[in-house]
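The values are calculated or read from the model by the stated rules, or taken from the named source; none is laboratory data. As the structure is a computational prediction, the values presented were derived from the model and not from experiment. No Cβ is skipped: glycine too gets one built from the backbone with ideal geometry, and neighbour counts run over all protein chains shown.
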Amino acid sequence: MRIGSIGFHPYQTYMQPATTGSIKNPGESTQVSPGRKSSPAECETCKSRKYQDGSDEMVSFKSPQHVSPQASASAVRAHENEHVSNAYKKAGQSGGKVLQASVTMKTAICPECGTSYVAGGETTTKIQYSNEDNPYVKNKKSADAAGIVGQNLDLAC
C-alpha cells in the first residue's frame, strides 16, 4: 500500500482475504473494484433488488419482483411499453386520440458493487378527447366556421 502526503495512490488495489463471500449472483465478476464493498458476484444489494409498479393501471410488476441488473433494461422497457399500449387502447375505446407518448428510462449505479442498471422508468401520455357537449368546444367550432365561411367563392354561378 502506497500512502502519499495527500492520501491513497489512485491506482491502489485492495488486498482481499483468501476466502471471499458466497456467490450470490452467478456469472458475475468476482473482482472487487476500488472503493466498493463487494464484487458483483457477491453483491447482496443486486441480489435483493426488487421492482414494483406504482401506477393504478393493470400491468406487470404489481407485486415486487427481482430482476437481474443485466435484464433490467429490457424488463423495464417492456413494462413501460405496456403503459403506452394501454394509453392507445384507452383512447381507442373512449373516442380519444393519443397526442404524445414517451418513455423515460432511469439508470443507477449499485453503491455496493458498482454495477450500472436500469432503476426504473416513467411513461408520459397525452390523450385528447372530443367533447361535443362542452360549451368551449362548441364556441371554438363556431369561431372556426365563421373564419371559413366565404373563403371559397364559386364564380361560375
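Checking each residue in region 30-46 for being at pLDDT 70 or above and polar (S, T, N, Q) picks out THR30, GLN31, SER38, SER39, THR45.
Yes or no, residue by residue, for (1) assigned to a loop (DSSP other than H, G, I, E, B); (2) surrounded by 15 or more Cβ atoms within 10 Å (Cβ to Cβ):
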position	(1), (2)
ASP56	yes, no
VAL59	yes, yes
SER68	yes, yes
VAL76	no, yes
GLY92	no, no
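Consider PRO111 carefully, then state whether it is in contact (Cβ under 8 Å) with a residue 40 or more places away in the chain and within 15 Å of the chain's Cα centre (by Cα). No. Does GLY120 meet the test of being assigned to a strand (DSSP E or B) and either modelled with pLDDT of 85 or more or closer than 30 Å to SER130 by Cβ (or both)? Criteria met by GLY120.
Screening ALA87 with (1) free of Cβ contacts under 8 Å to residues at least 40 places away in the same chain; (2) touching a Ser or Thr at 6+ places or on another chain (Cβ under 7 Å); (3) of a type in the set (A, V, I, L, M) gives one miss only, at (1). Of everything listed in (1) in contact (Cβ under 8 Å) with a residue 24 or more places away in the chain; (2) in contact with a strand residue (DSSP E or B) (Cβ under 6 Å, 6 or more places away or on another chain), the single unmet condition for HIS66 is (1).
For region 94-112, residues that are part of a loop (DSSP other than H, G, I, E, B) and at pLDDT 85 or above total 3. Output yes when any residue across region 81-94 is over 14 Å from the mean Cα position of the chain (by Cα), of a type in the set (Ser, Thr, Tyr) and under 25 Å from THR45 (Cβ atoms), and no when none is. Taking every residue of region 81-94 in turn, none turns out to be over 14 Å from the mean Cα position of the chain (by Cα), of a type in the set (Ser, Thr, Tyr) and under 25 Å from THR45 (Cβ atoms). Do we find that VAL137 is more than 30 Å from SER39 (Cβ to Cβ) and surrounded by 11 or more Cβ atoms within 10 Å (Cβ to Cβ) in this structure? Considered against the rule, which asks whether it is more than 30 Å from SER39 (Cβ to Cβ) and surrounded by 11 or more Cβ atoms within 10 Å (Cβ to Cβ), VAL137 comes out as yes.
For region 47-99, enumerate the residues that are among the aliphatic types (A, V, I, L, M) and over 21 Å from ILE109 (Cβ atoms).
To start, the set of residues in region 47-99 that are among the aliphatic types (A, V, I, L, M) comprises 58-59, 67, 71, 73, 75-76, 78, 84, 87, 91, 98-99.
Hits for region 47-99 are MET58, VAL59, ALA78, VAL84, ALA87, ALA91, VAL98, LEU99.
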